[in-house]
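Below you'll find the structure, written out as structure tokens, and then a few comments.
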Amino acid sequence: MKNLSNRIVTINRTPIFFGINCLSSIDRFIGSLNPCGIFILVDENTRTHCLPLLLEHAPLLAHARVMEVVGGEGVKTLENAEKLWSILMAEGAGRYSLLVNLGGGVISDLGGFVAAGYQRGINYINIPTSLMGMADAAIGGKTAVNLSGIKNQVGFFHAAKAVFIFLRFLDTLPKEHLRSGLAEIVKSTIISNPVLWRRLQNYPVSRLLSQPPESAFWQKLILSAVTFKNKVVVKDYRETKFRKVLNFGHTIGHALEGYAQRVGGMPLLHGDAVAAGMISAAYLSHLKTGLAEQEMKSISRYLREGYGTIAVDSSSQAILLELMMHDKKMSGGRLQFTLMSKPGFPVVNVPCDEKEVLKSIEYQCCT
Ligand code: GLY
């Protein structure tokens, strides 16, 4: 098996340590920051399944103060950030303390937010333990909490000092979370790498999930997503324009997630929502930016096979539109989408009217 470990790409001077041996550098890296007090943010799962592995590789962290929050998107609140700030203060954390975020996207969003706000910004490191975190959330300095049911409404750009992508953490993930994270990788592949996208179509999601994430093709996919994310962030850290390419499938995906939270019941995983959002985005791309029908069908087929569809009845349409209006992707009162003209060629800021959006949601669930 080809081993892509220890590849380092840099993003805004934030090194990304990638691969199956990357944790061997962590002690040296932390030592170079010379932190005055180290804190580790975990949830109950990463405390049990990932922290022992991290401590094995990083004896420097043995005396760190561990702060635990409950898992899940619901923990990303101002109230919980305040609780964590209070712990940092009570424990005497100062400007030169270091926060290590050990977890998925929720932990890096919340921990990054806490680091950005505490004493006007302290250093932090992201050690993503989920595929979604590795491919997307942990990279790029976006930090946030949710407000009044709107995802990531309050946050800062505050870049991590480093990101360590250690693939063995993926072994601790339940299959449905691996599948969910894979949706971000599929997104990244479709919008950035047409050659890899053609290859990926021979690997249905179910086939990929039957292989270990350390296998060569998985490593290739993850590294391609990490490299692309890095490239995007280097080009447009503050999302003035180009970074919006990463939003492919996310406008409708976020609305579906918000809707699922409102109605309760079975939580909808981010990746399932984004997969459905990408089917809609493929439809809109065919309608608005010239994506060939054949490509639209290939994308839809791959995602439907891997993720199914999300049923939306007509009474939910108004709520979905309202949620999209609150999303940060609005401009001048119009809904704006990231679409593409062909795989590898995303197009940002495409205005679509409500009728077109509702049609694309219908296409996602009913065709
Ligand atoms: N997750 C999208 C971004 O980092 O911009």
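Just so you know, all these numbers are worked out from the coordinates, no wet-lab data involved. All values derive from a computational prediction rather than experimental measurement. For neighbour counting, all protein chains shown are included, and Cβ atoms are generated from backbone atoms with ideal geometry for every residue, glycine included.
Considering the zone a paramagnetic label at Phe29 would reach in this model (a point 7 Å from Cα along the Cα-to-Cβ line), which residues of the range 196-236 have amide N under 15 Å from it? The answer is 226-227, 230, whose backbone nitrogens lie closer than 15 Å to the label point.
Along its three principal directions, the equivalent ellipsoid of the chain from the Cα gyration tensor extends over semi-axes of 33, 23, 18 Å, largest first. The length gained by stretching the chain between Val263 and Ile150 to full extension, at 0.36 nm per residue less their Cα-Cα distance, is 39.3 nm. Which percent, nearest 5, of DSSP beta bridges in the chain are antiparallel? DSSP beta bridges in the chain are roughly 45 percent antiparallel.
Its relative contact order, with pairs defined as Cα atoms under 8 Å and 6+ residues apart, puts the chain at 14 percent. Computing FRET efficiency as 1/(1 + (r/R0)^6) for Ser316 and Arg13, where r is the C-beta to C-beta distance and R0 is 30 Å, gives about 0.10. Is the C-alpha gyration tensor of the range 134-178 telling us rounded, prolate or oblate? Criteria: a/c under 1.5 is rounded; beyond that, a/b larger than b/c is prolate, otherwise oblate. Taking the square roots of the gyration eigenvalues as a ≥ b ≥ c, the range 134-178 is oblate.
Pairs of alpha-carbon atoms within less than 8 angstrom and 6+ residues apart define the contacts here; what relative contact order does the range 171-311 have, in percent?
Values: 125 pairs, mean separation 36.6, N = 141.
Contact order relative to length: 26 percent.
Local charge for Lys229 was computed over the other residues whose Cβ lies under 12 Å away, with Lys and Arg +1 and Asp and Glu -1, and equals +2. Over all other residues within a Cβ to Cβ distance under 11 Å of Leu323, the charged ones net out to -1, with Lys and Arg as +1 and Asp and Glu as -1. Spin-label model, Ser215 to Arg120: label points 7 Å out along the Cα-to-beta-carbon direction sit 5.2 nm apart. In terms of its C-alpha gyration tensor, the range 210-297 comes out rounded, because the ratio a/c of the largest to the smallest axis stays below 1.5.
Lysine pair count for the range 292-355 (Cα-Cα distance under 22 Å; residues 8 or more apart in sequence or on different chains): 5.
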